[in-house]
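Below you'll find the structure, written out as structure tokens, and then a few comments.
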Amino acid sequence: MRDAFSAALIKAAQQDERVILLTGDHGYALFDDIRRLLPDRYVNAGVAEQNMVGVAAGLAKAGLRPILYGLSAFVPIRVLEQIKLDICHENLPVVMIGDGAGFVYGALGASHHCTEDISALRGIPNVRILSPADAYEMTRAMELAFAVEQPVYIRIGKCDIGPVHKAPIKYDWGELIEMRPGNGDLGFIATGSMVKAALNEATRWQGSSVWSAPSVKPLDIEQTTAICRNHRGIITLEEHSIYGGLGAAVAEISSTYSPCWIGRIGVPDRFAQYAGSYQYLRSEHGLDAAGISHQVDELMERVGHVHRGLSKSPRTEILASEI
């Protein structure tokens, strides 16, 4: 996914001389090509992310198209006030990239875990939020980001868990992508790194559908409502807090337009107990294959299989881990 981002960045910069990259002393190898091909479009702002946001805002006001790159724990979390006032209040066309979202930098501890970036930004006016699941969704995310004249945040999670699509795809703002058709009682809506996990879990439930949500803000109201109407229950999956992310967005739409049972699977309301590998932290928070299956079963039991309307598939084994 990071390679897809780099390729899309270079393509955009070659096609539009206004595109300029600012990085907060991160991503050196990732930007080897742009430094070689377009050295005047690369600015290392140093360990000064708050100042970097102000510089990006000034460049945007001057007519350029800045791209801000940083670890998601820093962009947007460390610089949230500057994003709110310098970029979003002015509705400036700045593309913000938050790399390593979720537990990607697990061994570095809580300061580098980022499970609150979507919720932190969702309440700020004007900004749009994209959370691609693989390189194909990432390429399209970059196209969408440069097609609008307003702030965009792109969340990059774990990059090496493999593709969920077999070919380049097109999706629009707010659109959910059907990954597995189904007219059964249960549907799954997932984003980012959890799309593959949702596809894995769906094999345990007869007729279940799976949808990828690369656009978290906006999230298409009519399509989300139709998905809710088509199922007795919806389970959302995200490598993000259960508060304020994809699950909250789906629940908000459902409760307003088409009430159905919503089960949210994500990071519970606590910090990680230990620093550790990505695999360990996914397991600790119940987001590995076994943990997800356990949570789904518990949710189903808690609501009586949504009034006993849901049934498991005869194929109940857990597939190879999606991590």
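Nothing in this text is a laboratory measurement; each read-out follows from the coordinates by a stated rule. All figures in this text were calculated on a predicted structure; none of them were measured in a lab. In this analysis, Cβ positions are derived from the backbone assuming ideal geometry, glycine residues included, and neighbour counts consider all displayed protein chains.
Kindly express, to the nearest 10 degrees and within the range 0 to 90, the angle between helix 246-257's C-alpha long axis and the longest C-alpha principal axis of the chain. Here the helix axis deviates by roughly 60 degrees.
Between residue 32 and residue 226, the modelled label-to-label distance comes to 4.5 nm, taking each label 7 Å out from Cα in the direction of the beta carbon. Put a dot 7 Å past the Cα of residue 252, heading toward its Cβ, do the same for residue 150, and the two dots end up 1.4 nm apart.
The stretch 52-126 and the stretch 5-48 have Cα centres separated by 16 Å.
Rounded to the nearest 5, the antiparallel percentage of DSSP beta bridges internal to the stretch 177-308 is 15%. Ranked for footprinting exposure by Cβ neighbours inside 10 Å, fewest first, 246, 299 give 299, 246.
Ranked by the mean number of other Cβ atoms within 10 Å per residue, highest first, peptides 64-77, 102-115 order as 64-77, 102-115. In this structure, residue 18 and residue 275 have a Cβ-Cβ separation that, at R0 = 56 Å, corresponds to a calculated FRET efficiency of about 0.85.
Axis angle, to the nearest 10 degrees, between helix 49-61 and the longest C-alpha principal axis of the chain: 70 degrees. Across the stretch 2-155, Cα pairs under 8 Å and at least six residues apart give a relative contact order of 24 percent. Of all DSSP beta bridges confined to the chain, the antiparallel ones make up roughly 15%. In plain terms, the bigger the Kirkwood radius, the slower the diffusion; for the chain, with that radius from Cα pairs, at 25 °C and 0.890 mPa s, Stokes-Einstein puts D at 123 µm²/s. On full extension, the segment bounded by residue 25 and residue 11 gains 2.8 nm, given 0.36 nm per residue less the C-alpha separation. Among 144, 85, the order by Cβ neighbours within 10 angstrom, fewest to most, reads 85, 144.
Extent of the stretch 34-123 along its three principal axes (Cα atoms, max minus min coordinate, largest first): 37, 35, 17 Å.
Across the stretch 164-290, the relative contact order, built from alpha-carbon pairs under 8 Å that are at least six residues apart, equals 24 percent. Stokes-Einstein diffusion coefficient for the stretch 1-45 at 25 °C in a medium of 0.890 mPa s, Rh from the Kirkwood formula over Cα pairs: what value in µm²/s? Here the translational diffusion coefficient equals 234 µm²/s. Ranking 286, 53, 167 by Cα position along the charge dipole of the chain, where only Lys, Arg, Asp and Glu carry charges on their C-beta atoms, puts 167 farthest toward the positive end. The peptide list 91-101, 251-261, 178-188, 266-276, put in order of mean Cβ contacts within 10 Å with the highest first, becomes 91-101, 178-188, 251-261, 266-276. Between residue 85 and residue 50, the modelled label-to-label distance comes to 1.0 nm, taking each label 7 Å out from Cα in the direction of the beta carbon. Antiparallel beta bridges, as assigned by DSSP with both residues in the stretch 50-154, represent about 10 percent of the total such bridges.
Note down the relative contact order for the chain as a percent, whole number, built from C-alpha pairs under 8 angstrom at least six residues apart.
15 percent
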